[in-house]
Amino acid sequence: PVVLFVGRAFERKGGPGLLEAFQIVRESLPNTRLLIMGPDALPDTPDEAPDGIELLGFVDKSTPAGREMLLETYRRAQVFCLPTQFEAFGIVYLEAMYYELPCVGPDRWAVPEIIEDGVTGLLVPPDDPAALARALLELLRDPARARKMGRAGKARMQQRFTWPAVVSRMTAAMSRLLETRRAR
């Protein structure tokens, strides 16, 4: 089983809590791997990543090699996890959904707008490594459910978060506003 984290600002994106949760996951599923894409080094760790963790560093998506590595990394994963400390709007969740990965994130900020709890992934309280570990284990132990959530996530992403979908909602909202103003 493979969990994927993508984020350069490792601490703000909840990386330390994920490392703690990952240790709990490994106690139950010792072969689980954690792929970390973004930071070049982990804070407060030796030069070598802890067992089960593969530190991929920064990947430049604007290059063909970077895009290929990103694609291959998403293909290797069964679950995407970003237990961020704050996220105005997490595009990376949508990216993970595009690759049909169920997402695990905090039940705060804009994240519940993106992840539909129990349908496209799981929401957990921020700063709760034990809850995060339970959510990861729930998905890793039930690959069929994880795949179903991943497919639902891709459908949600396509229905709600593509430019045509966003423009359609914006146009409808602006049209209602204009009609209300004209009626005055």
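The values are calculated or read from the model by the stated rules, or taken from the named source; none is laboratory data. Given the structure is predicted, the values throughout are model-derived calculations rather than measurements. No Cβ is skipped: glycine too gets one built from the backbone with ideal geometry, and neighbour counts run over all protein chains shown. Accessible surface is based on the protein model in full, side chains and every heavy atom, while ligands, DNA and RNA are left aside. Shrake-Rupley method; radii C 1.70, N 1.55, O 1.52, S 1.80 Å.
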For region 92-122, which residues satisfy the criterion of being more than 15 Å from Leu18 (Cβ to Cβ) and in a strand (DSSP E or B)? Asp117
I need a count of the residues in region 111-123 that are of a type in the set (A, V, I, L, M) and either open to solvent by less than 10 Å² (accessible area, probe 1.4 Å) or at pLDDT below 95 (or both). 3
Got a sec? Which of Phe10, Phe89 is closer than 20 Å to Lys154 by Cα and among the aromatic types (Phe, Trp, Tyr)? Phe89
Look at Glu138 and say whether it is of a type in the set (Asp, Glu) and either on the phi > 0 side of the Ramachandran plot or part of a loop (DSSP other than H, G, I, E, B) (or both). no
May I ask you to list the residues in region 130-167 that are open to solvent by less than 40 Å² (accessible area, probe 1.4 Å) and touching a Leu at 6+ places or on another chain (Cβ under 8 Å)? Leu132, Ala135, Leu137, Leu139, Leu140, Ala146, Met149, Gly150, Gly153, Met157, Phe161
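Determine whether region 21-42 contains at least one residue that is polar (S, T, N, Q), touching a Pro at 6+ places or on another chain (Cβ under 6 Å) and modelled with pLDDT of 95 or more.
Of the residues in region 21-42, the ones polar (S, T, N, Q) are 23, 28, 31-32.
When the remaining residues are screened for being touching a Pro at 6+ places or on another chain (Cβ under 6 Å), the result is 32.
Applying the additional criterion that residues be modelled with pLDDT of 95 or more yields 32.
Looking for residues that are polar (S, T, N, Q), touching a Pro at 6+ places or on another chain (Cβ under 6 Å) and modelled with pLDDT of 95 or more, one finds at least one in region 21-42, hence yes.
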Restricting to region 94-103, name every residue that is crowded, with 24+ Cβ neighbours inside 10 Å and without any contact (Cβ under 8 Å) to a residue 60 or more places away in the chain. Pro102, Cys103
Number of the condition not met by Ser175 [criteria: (1) over 30 Å from Glu11 (Cα atoms); (2) of a type outside the set (A, V, I, L, M); (3) open to solvent by 70 Å² or more (accessible area, probe 1.4 Å)]: (3)
